Amino acid sequence: GIQVEQSPPDLILQEGANSTLRCNFSDSVNNLQWFHQNPWGQLINLFYIPSGTKQNGRLSATTVATERYSLLYISSSQTTDSGVYFCAVERGNQGGKLIFGQGTELSVKP
Amino acid sequence: NAGVTQTPKFQVLKTGQSMTLQCAQDMNHEYMSWYRQDPGMGLRLIHYSVGAGITDQGEVPNGYNVSRSTTEDFPLRLLSAAPSQTSVYFCASSYSILDRVNNEKLFFGSGTQLSVL
């Protein structure tokens, strides 16, 4: 099956710093999404981005499907950005059958 | 809209007991799925459904049953609980032909923390 690798596994930032999280996947996909799991365990959908670039406030994401990777950019980080960021992919239209990476745990210090 | 609603939030079972985790969504989503989250393992797909009456297995289906009698509900049944099923369980849904903006986005419930002793 398709493999999803995220890097780095852990990241510690000072408030106000920028960061880039990476997601590599082993096969072509037509569905890629980024999620944030906050410290209370809630999973929030950040982006649906199988290709191209999207921005939402201080967050943006870019997927280069031909090279099988996606990047999540966090600018001017805040303590509320802390948590785990997951990348998830789906190969075909399989009914929301997403395969998740292991996540990047981000800690933003005040 | 309430979104995806899971009950209960917490549950403790003894080995061998059975129980059902409830999941309901009010977003007219066609697809529903169950994931489990274990420390260091990310989220793994247990079962999923592309519509009422249609279910299929995910990565880790053993020990779990599902059914989808209505579009809104997708319960997960543990037949005979084992300590290895101690985990956090998330229900998710996606895909409404009526929502062109968020059509493919996966939305999660708040999770059920299950402990099997």
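What number comes out for the charge environment of A:F47, summing +1 per Lys or Arg and -1 per Asp or Glu over other residues with Cβ under 15 Å away?
Local net charge: +1.
Extent of chain B along its three principal axes (Cα atoms, max minus min coordinate, largest first): 44, 28, 24 Å. For B:A2, the shell of other residues with beta-carbons less than 12 Å away shows a net charge of -2, using +1 for Lys and Arg and -1 for Asp and Glu. If a/c stays under 1.5 just call it rounded; otherwise compare a/b with b/c (prolate if a/b is bigger, oblate if not). Do that for the stretch A:4-109, with a ≥ b ≥ c from the square roots of the Cα gyration tensor eigenvalues. Prolate is the answer for the stretch A:4-109, as a/c is 1.5 or above and a/b outweighs b/c.
Charge tally for A:N30 (other residues, Cβ to Cβ under 13 Å; Lys, Arg +1; Asp, Glu -1): 0. Positive end of the dipole of the protein assembly as shown (Cβ unit charges, origin at the Cα centre): among B:S87, A:L106, B:S49, the Cα lying farthest that way belongs to B:S87. Of all lysines in the structure, those lying under 24 Å Cα to Cα from B:K9, and not within fewer than 8 positions of it along the same chain, are A:K97, B:K105.
Readers should treat all values here as calculations from the given coordinates under stated rules, not as data from a laboratory. Small disclaimer: the values here were computed from a predicted structure and weren't measured. Cβ: placed from backbone, ideal geometry, glycine included. Neighbour counts: every protein chain shown.
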